[in-house]
Structure formats: C-alpha cells, structure tokens
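The next block holds one structure in the form of structure tokens; read it before the comments.
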Amino acid sequence: MKLAYWMYAGPAHIGTLRVASSFKNVHAIMHAPLGDDYFNVMRSMLERERDFTPVTASIVDRHVLARGSQEKVVDNITKKDKQEHPDLIVLTPTCTSSILQEDLQNFVNRASMSSDSDVILADVNHYRVNELQAADRTLEQVVRYYLEKAHRQEKLNLSLTDKPSANIIGIFTLGFHNQHDCRELKRLLQDLGIMINQIIPEGGFVENLHELPKAWFNLVPYREVGLMTALYLEKEFGMPYISTTPMGIVDIANCIRQIQKQVNIWSPILLGKKFDFEPYIDEQTRFISQAAWFSRSIDCQNLTGKKAVVFGDATHAASITKILACEMGIRVSCTGTYCKHDEEWFREQVQNFCDEILITDDHTEVGDMIARIEPSAIFGTQMERHIGKRLDIPCGVISSPVHIQNFPLGYRPFLGYEGTNQIADLVYNSFTLGMEDHLLEIFGGHDTKEVITKSLSTDTDLTWNSESQLELNKIPGFVRGKIKRNTEKFARQNNITKITVEVMYAAKEDLSA
Amino acid sequence: MSIKISETLTFECETGNYHTFCPISCVAWLYQKIEDSFFLVVGTKTCGYFLQNALGVMIFAEPRYAMAELEEGDISAQLNDYEELKRLCVQIKKDRNPSVIIWIGTCTTEIIKMDLEGMAPKLENEIEIPIVVARANGLDYAFTQGEDTVLAAMAHRCPEQKTEIEKKIDDKSIQELFSFLPLKTKEKSNKSFTLKNTFSLVLFGSLPSTVASQLSLELKRQSIHVSGWLPAQRYTDLPILGDKVYVCGVNPFLSRTATTLMRRRKCKLIGAPFPIGPDGTRAWIEKICSVFNIETQGLEEREQQVWESLKNYLNLVRGKSVFFMGDNLLEISLARFLIRCGMIVYEIGIPYMDKRYQAAELTLLQETCKKMCIPMPRIVEKPDNYNQIQRMRELQPDLAITGMAHANPLEARGINTKWSVEFTFAQIHGFTNAKDVLELVTRPLRRNNNLENLGWTNLIKIQKR
C-alpha cells in the first residue's frame, strides 16, 4: 500500500482508451464498475469534444459479480456492433475488474463470432504499467493486429510511395498540445517536400493501417507513445524511424538532418536526386523562427545564469532542459522526470546540461527539491505550477498531466519552428523580467496583501520631503505606487510622519528582513 | 420508437449502461463538511486518478484526504493488510492528527474481500483514533450514495440518548452541542428544552453550514428546535440518538442512513418530501410540524413570497421541456420543483429509486403533475445513455440535465444542457436557495437568448461514414 495524494500518470486503462478513442470509428468497451468510466468526462471536457466519446462501460455490479460477466460483456459488444458499426471494438478492464481474473479473451472470441467488427482485448497489465506505457503497448497491439490481418489476407503492399513520405506515430487525444504539434509537424514535413502517409492514432482509420509500411520512414515525436510501434515496424518491415523530438532549434535541426539521411537512401534510386535541407534549416533558424534571435537579444541576456528547475515527462523535460541550457544560457539546477521506466535514456540526454537529476513519481520529493534549490523559475507540470505558487516561484507548464489550460483554442505548438517561438515566450514570461527584477530586489516585492489606507488617494497625514519625493520619482512608474505604499505602511507602523530617503530605505530593509 | 407519456407513475428499468461518478466522490464534499476528519480511500490508481481528475479536486491544498493505493502485492495478498493500513494511519495521525479517520472501501476492496470492518476496531484501539468504515463502492452504489454509506456508518458512532440521571453528568457535553447558538439563547434553550421526556429532532444529510442553519432557522420559526445534524461540522459533535429522537432527511439519496437510524438506533423516521424548491420546503416543514403536533405559522405566506420573488425566472421556464438523464438521485425532487414552475418533464432518469424512502416525494410529484395539468413523466431507473440519447433526438427537449460526459456533445447537437453535478454542489435546499436552482436551470436558456440570432445552433458536420 502506498499513501498517495496525487499522481503524474494515470492508470493503464486510460492509456488504452486514449489510443482507442483517437482512431476514427473505433469503439472501446470498458469492463468496469460504475464510475470507472470517467475517461469520457475527461475527454469530453478537456478536449471540448463535440462527438460522444466512443467508450461504453459494461457495468460490473453486484449482480454481474455473482453470475460472471460473460453474457453482459458479449451482449454489450454485439449491441455496439449493431448500433454503430465500428471497424474495431477494443475491450479493456480496469485495475478493479482485472482482479476478477475472468477470461476476457474468451469473451472477445465469442463476441467476434457474432460481430461484423473486429474485436480485440487490450493486452495490458494494470498493476505493472501506467497510462503512458499502456498507450504505447495498445497502439502497437492495434497496428500489429491489422498488419498481421493484412498479411493473412495477402493485402500487404510493401512498395514505397513514389515521393518520400512519413508516418507520424504517437499523436493522440488528451496529449499535451498534441493537436498543435501535429499541425506544426505536418507543415515541417510539407516544407521539406515529404508526404504524410499516415498519422496514427489521432484521426486514423484502422482499415488503413496495412498501408503503414509504404512510408519511407516513421517519425516518433514523443518517446512516451509510439516507440513500441516504430520498433515493431522496424523489425517486421525494416522501416527506419526517427525519434529525435523536433523541439528547440538544435533538435529540430538534428531531426531534419536525420530525415535527410533517411530520404537520401532511396531518393537517388527512385527520384534520381538528393535532398539537401541545410539551406532550409539555416533560413528557418536564423530568420523565420524568432528564437535564435531572441537568444542573442538583450532581453535574453538578463536570463543568463538564472537558476531553473525542470520536471515533466521524459520527452518534454529533456528537450526543455536542453533548450534552457544550450539555447538560452539558463542554468538548470535540477531536471527530472516521472517516467521512471525511461530513466536510462533520460539521464543520458540531460547529464551534461544540469547540476542534478531527479527521477521520481512522488510529487513531494519534487516539492522538497524545489524548496531546497529556490530557483528563479520552474518549468514543470500542473503540480509544479502549484508548488511554485506556494513558494512564490513562477512556473511555466511544459508537460502533461494535462489540464484544461493545456487545450488553448489558439495555436500553441511546442514542436517545430513555431514551437520555438512559443517556448521562448513561455520561458521569458515565466521569469520576473529584467528591470522589474532589479527594482523588486531593491524595494522588496510585489506584495499588496494588506490594505494600508482605505482610500487609494495619497493626501494623508504623511509628508514626503523633497529628497524622498525626488527619489520616489526616480523609480519607474510600474513599481512606484507599490514602493510608495510599502514605505507609507512602514512609516505608519513606526509612527513616522515625515518621510525622508532614510525612511524609504529603512522600509526597504524592513521588508527584506 | 413510440414515446408515450402516461397518467400514472410508471417505473422502468434499463440496462444500467449509464455514466455517473463513482460514489467515492462524496469524499470531495464530506471532508470539507466534517472539519476534523481524514478520509482514506482504500483503492487502486483508477480511484485516485478519478478523484484527482474528473472531479477537478486536484489534491493541491493538501486536503484531509488521501489514497491508500493498493499495489500488486496487496492484491495478491502477499502483504498483510492490517500492517499496511496501520503504517498509513500512523503516518496520517502523525501528520494531521484528525479526530476521526474514515476508511472508504472501494470496488477493489470488495472484490479482494478485504475485511475493513474487521480491522478497524483493532487498529482503532491501537492508534487511539476512531476509525469509521464506509463501503462507497461502485458495485453497489452510484455517485451521491457514497454520502449515504458514510452517514450510515457514522450513525453507529453517535452517542446514545442518556437517561435522566446520566443526563445531568453529561450536561456539559450537551451544552457544547448547542455551541453554534449565541450564549444567551444557549442557556435559555437548555432550560426550555430538555431531552428527558420530549422528543427531539435530528436532521441528516450533508449541507454547507449556512444552508443547514437556514433550515434550522425555518424550523425554529415554527418553534421546532433541531437538536443536531448528521453530519455535524465536527466529528466530535455527532448528534445524540435514541428511541426518543425523530430523524428527517434533507437529501433523497440517504435511504441507507434512514434505515440504519430506524433499525439500529431506534429513531423515528419522518418521511417527508425533500426541502428543495419552495413547494418542497413547505411540505417538508409541514410534515415535521405535523409529527410534533404543531400548527404551522405563516408558512403559506412564506412560500407565496418566495414564488413571488422567482417571477422573472418562471417567465423564462414556463412551458419549456426538460429531460433528466440521471446522475445524482436528486432528480425526482428537482423534477417536481421544475414541474411546479411550469416546465414539462419528459423523462426522469435516476440511478436508483428507493420507493419507500422517496414515497412522500413521489406522492408530491404526482400531486404536482395533477395540479399543473401536466402528464406524469416517465421514471427510468438504471438508464441506458445510448437509448436516452435516441429518445432525446426525437423529443428535442429545451433542456437536458446530464452528466459531464454528455454535455458538450449534446450542446454541439443543439440541445441545451446543464450539468447535473452542479446541483450536487450548489446550495439548493430551503426557501432562500430556490432561486439558485432556477439560476442554474435558466442559464443555458438565457445564454441562448443572447446567441439566438447567430445561427450557430448545430456545430457538428453531417457524418459521412
């Protein structure tokens, strides 16, 4: 047993359902007690989904428990088959119902005899893997199922597309800015003259999966979901894959260079030419994206050597760490991930870019670390944002677990060249800014928790002498009011009626004491 | 599919493939209500993720609840349940020192047959904190019934009514029981109100303290003194129960608590409609008064006054139709109030219907329909959401009161929705709060008046496949 207040990654069935409901015309049946189907709420509310979430719970209640679930599950599968005619029905238990140890595979076999749809059982251990691992596993299972099916029916077409093409693997529902990232990736590939063969699972049809091997290569933007599928496709069909996340100027260039390498294996033979993406990389880096220029600008100079802490899923935490350290000159005091299963990769990625590394899924450890380090800014999940609030440290959110705020209506990608702009904005706005920072340091903070006088007007019993008035006028407008109030508050508390420059600085000292 | 609207109350039962929240969600409001409590949900990651996510109660403010997350070793019984729970409870005692720890059993503890009730007394002695066990599992209960299981379990812990001699010794503790009253009236009430021969009244159901005192005040106007609430603001202030105590519920989902109070604590149950809407509140007070042989004073005027103040809202809802998909078991009371407001209710979906505990409410529903000359709505127990959506397509109600999972898709199809959970969390009880119910109900209708001329009602593409 574990005392838990909060968790970074959800239970396994959430991952399975995220994959299943991302495909088009796929229905998932949950074998679960009442109330376990809150996935529907999450998807409908967070993604502001217009369509009914294609997930139905076949409810396990006391009655069902006594008699066994077979009849009900099979009945619900066949009913859904008749009602919606899905291409595929995925059956999944939850942590709870998996303990019943019912022979769900047998239910699936029976149901598929009387259904037009394909029916599969999501093959996941609910006590050993989390949401992300389960999603990865389920995606691979679905892809494997359809490729093997095509192989049996001899429908498999292994010839490459005429023009260079790619599959994007791992874009799915409830992902962190996934929809925006997907649009950005499409644009990037289009700019490079590479066709998109398929994007899975988001918006894909399972009936088309047998055409996956036609692509020249696979692109896996996030490590958490899609790698297993890419590895399977590599092993079975010799398809190369690229798993460098195109986040940040440097890694986008790396990713594009790998793409170039892949397409240049076949293009001299098939198209009689070679691709050179270097001019594109250069143009984008220096002139289209504003991020490289931002790094050079005087604004970013003020960030030099500031301390930051990074925490998130392996992909985002590693990429952001590299961006902060290499592209902006910010000192990353600690970086960490809750993806414990990917520890080795993560350490290797970030070891030269940060002072320490923290691998944990216990948010209290992360909180303690942040409190100890006292960074100027945090880049983390919603949990770190909250920790930051309590410690009065600004936080930019860079990773799942998702929150309604991570589904902005506007365009906010993290990947690609537009993503670099967004990240630069996020980083810059997270730190207390240049001049403001200096002044706050001198005069002690933004805080206006207490009301000093009832009226906001300044004609009070306090008088400012000419020097202090002058000193006050030297302070830029946006903090002047605050400093004036802080000083007057101090004066009142100490029964001072005449405010001199000395009083101003005594007030400042008092605040910082 | 033919849709008939019958004249008498008919109950149907569908497949039960409907969406509602897990009953453990009661933790979210009960921990706030009982200020010195700690709730420990003994369940899996699935339960924890639900509390964290679907309810939006991220465990940020370090609230007084946590998960005892069952891991593989617990499920396969490699670990000793007692030792594991002890470890966690000792930790909780050290960190938070609550007056009571409430163990919330889940589906998983049911399935692995973890003997929480057996372990609690032993551990309670060992760590010297009361431990209450409630089985708020989704195998037996729906959403709000979680509160029912907790209150039923707490009913066992309420102090027993003392005999006259014992009472004197205990006087101080009883005095404390009235500590919410101002000092002067406290003395007075102690004199004028003695427990020895007269009957006392305890109300059950968790309400925000302001609402609870509003209801107490309404009864005080009729010279009825409420001697306690289950639950009280503090666990240490649980009401005194016994065979001279009348009990009355404020929520329709508390049938198990009612039964426990009657059978195990020998209390006398007052079966009244629930104090939701001016009509319900009046009927509720009237019923309580009739039990105490008190003639109500100015109650009719009070109700009339409230209706008068609702006029603007009534103009908006009159003649409009509403469809309850079924979620929180407040459906019958809300439907009755909305019918009284002049709305037409097509269907009342409800997860579970205790016809005995809700008898007075059902009668009032029937009377209200007759009075308003409106056909009786169909009541569907354990509904099937898929079928309901088909019916809604046909009926095109002006408003659907639905769980969160269906709200956005229905809105996209031009059907106005209101989340049923909002009625669970909003203050809807009593005369003063009737306005809040209508405020919620009319919000989508008022929004529509604003957006009416834009021509954006349907926001989905015609399906091609």
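Below, the figures for the structure above:
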read-out	value
Estimated FRET transfer efficiency when R0 is 22 angstrom, pair B:Leu445-A:Arg50 (beta carbons, to 0.05)	0.55
Amide proton proximity set for A:Cys395, modelled H, under 5 Å, gap of 5+	A:Ile378
For region A:287-294, Karplus couplings with θ = phi - 60° (6.51, -1.76, 1.60), whole Hz, Gly/Pro x	10, 7, 5, 8, 5, 5, 5, 4
Region B:23-141, relative contact order [Cα under 8 Å, separation at least 6], %	32
Residues whose placed amide H lies under 5 Å from that of A:Ser58, excluding near-sequence neighbours	A:Met30, A:His31, A:Ala32
Three-way shape label, region A:12-129, alpha-carbon gyration tensor, a/c 1.5	oblate
Pairwise label distance in nanometres, B:His156 with B:Ala359, each label 7 Å out on the Cα-Cβ vector	2.7
FRET efficiency, 1/(1 + (r/R0)^6) with R0 51 Å, evaluated for A:Glu344 and A:Lys82 via beta carbons	0.60
Spin-label zone in region B:103-129 - amide nitrogen under 15 Å from a point set 7 Å from the Cα of B:Asp36 along the C-beta vector	B:128-129
B:Gln427 paired with B:Lys93, simple spin-label distance in nm, labels 7 Å along Cα-to-beta-carbon	3.8
For the protein assembly as shown: rounded, prolate or oblate by the Cα gyration tensor [a/c cutoff 1.5]	oblate
Whole-Å semi-axes of the ellipsoid equivalent to chain A (Cα gyration tensor, √5λ, descending)	52, 31, 18
Averaged over A:82-88, number of beta-carbon atoms from partner chains that fall within 10 Å	1
Peptide-level mean, for A:55-65, of C-beta atoms on other protein chains within 10 Å	5
Ascending count of other beta-carbon atoms within 10 Å, so fewest first, for A:Ile252, A:Ile89, A:Ile288, B:Ile389	A:Ile288, B:Ile389, A:Ile252, A:Ile89
Other-chain or far-sequence residues with amide H under 5 Å of A:Leu91's (modelled H)	A:Ile29, A:Ile120, A:Leu121, A:Ala122
Sequence-separation-based contact order of region A:292-431, relative, with Cα cut under 8 Å and 6+ spacing, percent	22
Linear extension gain, A:Lys274 paired with A:Asn109, 0.36 nm per residue minus alpha-carbon span	54.4 nm
Rel. contact order, % - alpha carbon contacts under 8 angstrom, at least six apart, chain A	12
Cα gyration tensor shape of chain B, rounded if a/c is under 1.5, else prolate or oblate by comparing a/b with b/c	oblate
Label-point separation, A:Arg492 to A:Asn421 (7 Å along Cα→Cβ), nm	4.7
Residue among A:Val124, B:Thr368, B:Tyr65 farthest towards the positive dipole end of the protein assembly as shown, charges placed on Cβ	B:Thr368
Förster-model FRET efficiency, 45 Å R0, A:Gln70 and A:Gln290, C-beta, rounded to 0.05	0.15
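A short reminder: the numbers here are calculations on the coordinates, not readings from a lab. All values reported here derive from a predicted model rather than from experimental measurement. Virtual Cβ from ideal backbone geometry, glycine too; neighbours counted across all protein chains shown.
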